[in-house]
Structure formats: structure tokens, C-alpha cells
Amino acid sequence: MSPASSVPRGVPWHQVSPMVSSASSVPQHPLALSVSQRPLRAGTIRRLFPPKRKGIFPPRFRHLGRVLREGFLPFFPRFSGAFLARRSRMDALGGFACACAGLVLLLLLAAAHRLGLLYQLRHKVDPKSSRHGGELVAEVLRAHGVRCLFALAGGHVSPVLVACEKLGLRVVDTRHEATAVFAADAVARLSGRIGVAVVTAGPGVTNTVTAVKNAQMAESPVLLLGGAAATLQRGRGALQEIDQLSLFKTLCKRRTSVRAVRDIVPALRQAIATAQSGTPGPVFVELPLDVLYPFHVVEKELGQATSPGGLRRSLVHWYLRNYVHNLFAGAWEPRDMTPLPVQVPLATAEQVQQVAELVSRASKPLVLLGSQATLPPTPVEELRAALEALGLPCYLGGMARGLLGKASALHVRQNRRDALRQADLVILAGTVCDFRLSYGRVLSRRSTVVAVNRDRAQLLRNSDVFWKPRLAVQGDAASFLVKLSQSLCGYSCPREWLEGLQEGDRRKEAANREKAAEPASAHLNPLALLHRLDALLPDDCLLVADGGDFVATAAYVVRPRAPLGWLDPGAFGTLGVGGGFALGAKLCRPEAEVWILYGDGSLGYSVMEFDTFVRHKTPVIALVGNDACWSQISREQVALLGSNVACGLEYTDYHAVAEGLGAKGFVVGSDAGEGLDAVLRAAQATCHQGRPVLVNALIGKSDFRQGSISV
Ligand SMILES: Cc1ncc(C[n+]2csc(CCOP(=O)(O)OP(=O)(O)O)c2C)c(N)n1
Ligand SMILES: [Mg+2]
């Protein structure tokens, strides 16, 4: 039997021959068969090529290793000793040549693959086509049910905007990129679809960072499309070039830079599915200039930078030409654009049953619903019906405000801390034990706590220190509550407990009304203003909250009328969301009366968007609680540190600013001002006539929020 045939197939050479003592026992590569027979000592082989751990390299690499080993060894007599002496120089040269040829072939194939030459063999370029990547972007968006997108123009993204317009998607251009993302965030929250913002490269993208982080904290599925320098000009000093993917590393669930036109569709489908799956959040897709413009434009700009002449120039010319062809190879082949499935984690039937048993045994159960409970796929109306069927008292926070309508016997609004102290069962449905629940410290050690959240980190936030769940369910809160209500059919909550909580609400609200009746130091009492607003709001209204003390006061006084009737920034506490949120909201619900409750400080971030409201015929009403101060900060800064530095503002004529931008402005609260009700009604009437309105309400100080935290 020849040495070669004694080696079992598929077994690595070094494993077959641990001890080599004679020529007949040395397993040899066919290339080496006629080489002289003096044995290479086993120790030498092992030292030079220690056995590799099984399974690290795929078989083709192991084979390559063998070829290299046997081809190269003869050229290193110092190492291979007697082995070489027994092989003819010619055979060794042959082996070496074959190994080199194999290596070169491999390298050539790798280079051809990298340059796209192999792909181009099967997928052609159509140099005459005037189609461009922006069209593919628009088609994917339309296939995903996107009806409007928010943008601020830039040459890098013009093809996307033009294609979307052509396809009938509404392109709403804002005055700041952050507004575009805030608006997309609002659309995502209200419509249950992906919200889309398109911004230009560099500063356009960097301007969105705060809004993207806000969407991440609010678990809102936003697709941010950013322009970028041409792939070919990366690192060569292109206009507005910056490493955008790194920027979003900690902010987005997925970041992709599209490398060729053919990759646009799969990249977008995957990004959208990722944004909506699990715990929703923002995703970023970077679309470089040369994957968005038509072939002839890209070729002109990039492909023929140098005309042939001399080898070096010819090579550069060939490289550029091939690069551009590879960008467009297979670009217009038909591709599936339909949405990929969205994954939603669900509670198990056993978990639901366990909680049903806990509820039926509890005498003082309580549900705390957070924003996550409003996420699709469960429609909010179905969740509302489930909560009403369950009959458990509920506190509603964030986007869940309004879930039970304007006046529900189950909706408890006040004295949450006291209620939590007394409750024997607390269900945290999408509510997180972060600063809003004093990191879990407000939960009583005596209460049984059940937490439901899609996100594991949020589910268990601070459970290692301040609280402990009896059951932690990683799943969707809304569908969990729907199933719970089904398994508790016929259950009724102990009456005394519910009535006690309702009585607490009545007492607190009576006290608030008394406070509202007190005259303010100057101008309007903010509580009185907000009570009047609450009295005048129609059932079909939507409230956007953007401010400090004034807006936080409103959260206690003004009652959202229906599910998804309240939008606030969420856990990131970002000032400046108002303009964008209202824009997105009005586009989703054109019939609704959309009110922005602004602090005067917060208004400054997005007051320019009145221009957008006017141009895009999105009539909203802004009510500005103008106290000439960044009061929420000032309140504690002065008390604790003794200075109002950087917290003072003026009673500025913001209504005049709005008028200057084409909206209608009112002022109320000044001595010469009209009656409050009359102004609010006039604002509503103007809005219904199609004109955006700003009511500049001058307000005095109130101690309503004394002791509230702002850090
Ligand atoms: C982008 C951003 N900057 C700063 C803050 C800090 N901050 C929180 S509340 C607040 C004051 C808000 O003032 P205003 O909008 O006038 O409302 P007021 O408290 O006076 O009612 C500030 C500056 C923030 N939350 N977000
Ligand atoms: Mg203020």
C-alpha cells in the first residue's frame, strides 16, 4: 500500500502521523511522492507545525495548509533537515510552483470577487437607464405602508425626496432635522407603522442625534435615512463626510451603509423589520451619493476622472469604470419589497394563568400602564376594552395616558405613591422602575409585583436593589392584558379598594381647583388656565407636551380624551419635541384638534416650525405657558444654590413671531388682554379654518409643583 493511500480520506495529515519513523509511514502529498526517502523527524514536524485544534479551520483551509507545507518545506533545509536531502530539487520546484499558482489563483479570485467582476458576469449594468436608487427607496417605503416622510433637503438625498414625491408619498420638509425625526417618531407612535425621516449627509445627520436618542428611549420605530459621501470618495475629503455609523452605535438597533444599488431593497426591508421587532426603536440606513443618483450622473462624476494615457492612468481609469459598473450591476432586477415578518415576544399561557390566580386572590390590585402598552399589534381600542372588562384600577403614564378616555371610574390619576404603598398586587404593564418610579423604591416590599415588558433590561431595571418581582414576564404588555382579561372572565375587583382610590382622586382634584382659584402673583394662574383649557377641549383632540413646570402641571389637570390622545417626549425628557410631534400628529389625525402645550423656554426650539405648519397646511394650536423663565430649573436652582443664573427669560411677544411666520397669534393674561375663554375659543375657530395658531398665555408663578424633581 502506498503511503498516500494509507491516509484515510478527510483525516488531517498531522493527525494521521504523530510519529514518523520511516519513509513508508510518512503520509505524503502526491506532489512529493518521488522525492527522496530520507525521513523528516517527527519532532521537527511537530515543532514547526503543531497540530491544530480540531474544527477551527474548514477542510478547504486544512488542505491549503497541507499544500503549502509540502510545497514550501523543501526550501528551508535548516528546518526540514534530512527530509530535503532525499528529494530532487526539480520536484521541489514543481511543488513550490503549484502551491504558488494555487495561491495566486485564490488571490485573483478574491480580488475579482471584491471588485465585483464575478457578480458582473451574471448581473448586467444598463448604462442607458435613467433610473436611480432613490426610486427603489420610495418603492420599498410605499410597500411598507409609509404615506408621509419628513425631511430637510440636501443634494445627497435629493433622489429619495424626488422619487417619493413622484410615487405619491407626502414629503414634509421641516426647518430643523431634529423636527423631522420628532415628527417621524410621532407618526410611528400614532399609526403603528414605521416613521421615516430623510436628512442629508454630515450636519444633517448629526442634527438628528438628540431626536434619535429620544426615539430610542421612547421605544419608537423610526427609520432614519441619511445621505453620505460617495463610497468611492470615502476618506478623500468629500463634502460633509463623517463616520455616521459610529455616531449611532449606541442609539440605533441597526446601522447599515448601503454599498451598491442592488443592496438598497434588502437593507431597507431588514432595517424596518428590526425597528419594529422586539423592543421597537430607531434604525439608521446610510445611502451614499453614488448609490442614489442615476448611472450617467455617477459615471460622469466618478467614473471618468482620469482619461487613459500611460499604464498607471489606464489602470486607474479601468478601476473607476469597473467600480461604477459594480455599483449598478443587477440594480434594476425585480426584488421582493414586501415587509419582512415582525417578531413580538409574547407571554406564555402559564404566565397569564399564574397572574390570573394572583389577581383573583388580591384584595388591593393595581395596574400601572406605560407607553409600551400602546404598541402594536394589539389595537389600543382592544386594550381599552380588555381593561374595562378586567375592572382593575389603573394608573396611566406616558403614551398610555388617555387609554381609558376622559372620565373612567377605573382611571386613577392622583396619589400614586399612597396607592402603591397600600396595594397588595401591582402589575407593571410596560412601566419601568426608573426615575419615574423612584427606581422602584415606591413599590412596597409587602406588595406582590408582576412586571411585563418586551425588553429584559427594562423589565428588571433596579430589581437587584430596590424591588423584587414575583413574576417577570418578558413579553408584550397589551396582548398580555388582553389574555388576562379573557382568563379572568367574570372577575370583579373589590369595590372598597376602587372606591377608596376614587375618593382620593376627588379630594385631590378639589384641592387643585381651590389652588386654581387663587390669584397669581401676576398675569394668569397656570392652574386656572389649564382648567379652562380642559373644559373647552373637544373629544377629538390630541395633546402634545413640550415643557417643564407648565406642562407637568397640565399632566395632572388636562384630561386626554381618548387612547393615543397624549404625546410627550418619554424617558429622555427632551425639550423641543413640540413642533415635530404636532406635525406628525396632525398628519396622522387631520380631523383632530392638535394642541401643543409649550413652556416659553421649550417653544424656542421649534417655534420656527410655524413656518412648516403654514406651508404644509397643518393647522395646530400652540398654548404657551409664558412665565418668562425656565421655571422647572429655576425653582430648585434658586432654592438650593441661591441664584437664578441662566434661567431668566422675558415676556416675549411669541404671538408676534407666529404672526410673522404666517400663523395667527393671540396674547392672553396681559392687563389689556381679552377674556381667557374667548381667546381659547377664537384659537379653536381659527384652527378649524385651516390656520395654525399660537396663544401666548402670560402666566404667574405657582407652587403647584413644589418639591417635584427635575434631575
Ligand atoms: C434639550 C433640553 N435642554 C434642557 C433641558 C433641561 N430642562 C428641563 S425642564 C427645563 C425648563 C423648561 O422651561 P419652560 O419650557 O419655560 O417650562 P417651565 O418650566 O418654565 O414651565 C429645562 C431647561 C431639557 N430637559 N432638555
Ligand atoms: Mg417657562
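The values are calculated or read from the model by the stated rules, or taken from the named source; none is laboratory data. Owing to the predicted nature of the structure, the values given are computational and were not obtained by experimental measurement. No Cβ is skipped: glycine too gets one built from the backbone with ideal geometry, and neighbour counts run over all protein chains shown. Calculation scope for accessible area: heavy atoms of the full protein, side chains included, ligands and nucleic acids excluded. Shrake-Rupley method; radii C 1.70, N 1.55, O 1.52, S 1.80 Å.
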Based on what the data block shows, is residue 658 within 34 Å of the chain's Cα centre (by Cα), under 23 Å from residue 150 (Cα atoms), more than 11 Å from ligand 2 (Cβ to nearest atom) and of a type in the set (Gly, Ala, Ser)?
yes
Flagged in the stretch 222-259 as small (Gly, Ala, Ser), surrounded by fewer than 17 Cβ atoms within 10 Å (Cβ to Cβ) and closer than 28 Å to residue 188 by Cβ, in numbering order, are 246
With the structure loaded, tell me whether residue 360 is over 15 Å from residue 478 (Cα atoms) and touching a residue at least 60 places away in the same chain (Cβ under 8 Å) or whether it fails that test.
yes
Which of the residues belonging to the stretch 612-631 are farther than 21 Å from residue 181 by Cα and open to solvent by less than 60 Å² (accessible area, probe 1.4 Å)?
623, 624, 625, 626, 627, 628, 629, 631
Yes or no: the stretch 603-611 includes at least one residue that is at negative phi, part of a strand (DSSP E or B), buried (at least 23 other Cβ atoms within 10 Å of the Cβ) and within 16 Å of ligand 1 (Cβ to nearest atom).
no
Got a sec? Which of 143, 183, 163 is among the aliphatic types (A, V, I, L, M), at pLDDT 90 or above and touching a His at 6+ places or on another chain (Cβ under 8 Å)?
163
Quick check on residue 376: is it surrounded by fewer than 16 Cβ atoms within 10 Å (Cβ to Cβ) and either among the aromatic types (Phe, Trp, Tyr) or not in a helix (DSSP H, G or I) (or both)?
no
Checked the stretch 467-497 for anything open to solvent by less than 30 Å² (accessible area, probe 1.4 Å), of a type in the set (A, V, I, L, M) and closer than 20 Å to residue 449 by Cβ; matches are 471, 473, 477, 478, 481, 484, 488
Scan the helices (runs of 4 or more DSSP H) fully inside the stretch 459-548 and keep the ones with 3 or more residues being among the hydrophobic types (A, V, I, L, M, F, W, C), away from ligand 1 (no atom under 16 Å from the Cβ) and out of contact with any strand residue (DSSP E or B) (no Cβ under 7 Å at 6 or more places or on another chain).
477-487, 495-517
Members of the stretch 368-415 that are farther than 17 Å from residue 344 by Cβ, of a type outside the set (A, V, I, L, M, F, W, C) and touching a residue at least 60 places away in the same chain (Cβ under 8 Å)
381, 384, 391, 393, 398, 401, 402, 405, 406, 413, 414, 415
Expected output for the stretch 536-561 (first residue free of Cβ contacts under 8 Å to residues at least 60 places away in the same chain and over 18 Å from residue 684 (Cβ atoms), partner among the β-branched types (Val, Ile, Thr) and within 16 Å of ligand 2 (Cβ to nearest atom), Cβ below 7 Å, 6+ apart or cross-chain) is 545/551
With a cut-off of at least 2 residues that are charged (D, E, K, R), name the strands (runs of 3 or more DSSP E) lying wholly within the stretch 141-251.
170-173
Among the residues listed as 313, 269, 255, the single one being touching a His at 6+ places or on another chain (Cβ under 9 Å) and not in a loop (DSSP other than H, G, I, E, B)
269
Every residue in the stretch 632-654 that is open to solvent by 50 Å² or more (accessible area, probe 1.4 Å) and away from ligand 1 (no atom under 14 Å from the Cβ), please.
639, 640, 641, 642, 653
Just to be sure, is residue 347 open to solvent by less than 30 Å² (accessible area, probe 1.4 Å), in contact with a Phe, Trp or Tyr (Cβ under 7 Å, 6 or more places away or on another chain) and assigned to a loop (DSSP other than H, G, I, E, B)?
yes
Residue, farthest from ligand 2 (Cβ to nearest atom), within the stretch 613-655, restricted to residues that are assigned to a helix (DSSP H, G or I) and in contact with a Phe, Trp or Tyr (Cβ under 8 Å, 6 or more places away or on another chain)
655
Write out, first by first residue and then by second, each pair whose Cβ atoms fall under 8 Å of each other, whose residues are 6+ apart or on separate chains, and whose first residue, in the stretch 449-471, is within 18 Å of residue 359 (Cβ to Cβ) and of a type in the set (Lys, Arg) while the second is at pLDDT 95 or above and not in a helix (DSSP H, G or I).
470/448; 470/449; 470/450
For the stretch 655-704, give me each residue that is out of contact with any Leu (no Cβ under 8 Å at 6 or more places or on another chain), of a type in the set (S, T, N, Q) and open to solvent by less than 40 Å² (accessible area, probe 1.4 Å).
686, 696
Of all residues in the stretch 557-590, count the ones that are among the aromatic types (Phe, Trp, Tyr) and in contact with a Lys or Arg (Cβ under 7 Å, 6 or more places away or on another chain).
2
Let me confirm something: among 546, 539, 464, 534, which residue is within 26 Å of residue 578 (Cβ to Cβ) and open to solvent by 40 Å² or more (accessible area, probe 1.4 Å)?
539
For the stretch 549-563, how many residues meet the condition of being open to solvent by 20 Å² or more (accessible area, probe 1.4 Å) and in a loop (DSSP other than H, G, I, E, B)?
2
